[in-house]
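Just so you know, all these numbers are worked out from the coordinates, no wet-lab data involved. Keep in mind it's a predicted model, so treat the numbers as computed, not measured. Neighbour counts run over all protein chains shown; Cβ positions are idealised from the backbone, glycine included.
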Amino acid sequence: MFSTIGYIICIPFAWVVRLFYNMTGSYGMAIILFTIVTKLLMLPFQMKSKKSMMRMSRMSGKMQEIQKKYANNQMKMNEEIQKLYAEEGLNPMSGCLWSFLPFPILIALYSIIRQPITHFMTLSNEVVQDLVAKATAAGLDMSTIVQMKDGAAVVINGVTQLQPYGQINLVKAVSSQMPELAEGVDGWLNLNYNSFGLDMAANPWDAVKNFSVSWAVIGLILIPILAGGTQILLTKITTKQQPQNEATASTNRIMMFMPLMSVYIAFMMPAALGVYWIAQSGFATVQELVLGKFFNKKLEAEENARYEARQEERKRKMEEAKILQEQQRQQPVKKKTLKERQQEAREAKAAKAAKAATSTTDAGRVGDRPYARGRAYKADRYDGE
């Protein structure tokens, strides 16, 4: 089920990458254009997230004052923080969801790169098995395409098992050596992975193990390094604009390690994925700088407007209170007559007497004696003894 869902998610992204590949003839350029388009599509959501984050940052001073003032009263602290959010019209969770949007895109793109036949060309697994059979019969070297055991391909339930990057190697072998094997396959593309003088399907770590002084090798090694470097730059710019407190400081330290993980992953994955990270981080860095300047001016204007509105509201309430006080001062005080005071005293005395009369309940009475307890009194109770 999950593989089917993943395949469906990949379809629109694969269509965009194919479109740019057919337009440019360059696999690497297609990945870069795909990155720019997806970033532009996510721009409205990221603008909302950026605005929310910057508003939180501008409120950090007030937040710290509240935390310091109510350090020994957690409930009161939370109450005051929620009150501050309400006054500023801010939802602290409003920008969190959009920060996770790049992850499904990254996973879909990895599947498109890793499985070009089923997820890039969107062909069936039957086409893959048919091409494997034809390539084997044609005498192609299948050691990097299918899983081998004792010199033979591993077959489970009639399906030949491919290497982790078997589809990439199969496409490269068919496209460069025997394109006639794919003739008649509707939707097939003879992919050329070479872009910028580099093999976008190659693993940069293999270039490290087989190092030589050539652009084809050095360029592949630089891709993961640049991917990590651009992400470090993006992280530094982003963290500067976040609210500064103990919680965010701890989170920021963790975030600085994420680019190092990206470097490791980019070394182990096809170079095309590293190109995506470079393009994504580079575009995001420019976006952060531009949106930062834009929202700084906008938020300052909004804060000034809210401050003026609060001042006007405070002034209005003070004027209303002053008018009410003046009206009460000018209104003559009506003095009660002696007869009215005597009537009030009689009513109060009657109410007090009524309350005293009903202080003993009916359940506690025995006969007409309100203070009797237990059984009723009988005069001849002990006569027979």
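Odds and ends about this structure:
- Cβ charges +1 (Lys, Arg) and -1 (Asp, Glu), total dipole of region 193-323, debye: 380 debye
- Nitroxide proxy distance, nm - points 7 Å out along Cα→Cβ at Glu87 and Lys317: 1.1 nm
- Each of Glu87, Glu80, Glu126 was scored by other Cβ atoms within 10 Å of its Cβ. Arranged with the fewest first, they read Glu126, Glu87, Glu80.
- If the chain linking Asp186 and Gln343 were pulled fully straight, counting 0.36 nm for each residue of separation and taking away their Cα-Cα distance, it would gain 46.0 nm.
- Packing-based exposure ordering (other Cβ within 10 Å, fewest first) of Met200, Met59, Met261: Met261, Met59, Met200
- Restricting attention to region 193-323, lysine pairs at least eight places apart or on different chains and with alpha-carbon atoms under 26 angstrom apart total 7.
- In whole angstrom, region 124-186 maps to an equivalent ellipsoid with semi-axes of 18, 13, 10, each derived as √(5λ) from the alpha carbon gyration tensor and ordered largest first.
- Fully extended contour minus Cα-Cα distance, from Glu302 to Asn73, at 0.36 nm per residue: 79.3 nm
- A simple charge model with +1 on the Cβ of Lys and Arg, -1 on the Cβ of Asp and Glu and nothing else charged puts the dipole of region 124-186 at about 220 debye relative to its Cα centre.
- Panel order for Ile31, Ile218, by other beta carbons found within 10 Å of each beta carbon, from fewest to most: Ile218, Ile31.
- Using a Förster distance of 45 Å, the FRET efficiency for Ile218-Tyr7 (Cβ separation, nearest 0.05): 0.80
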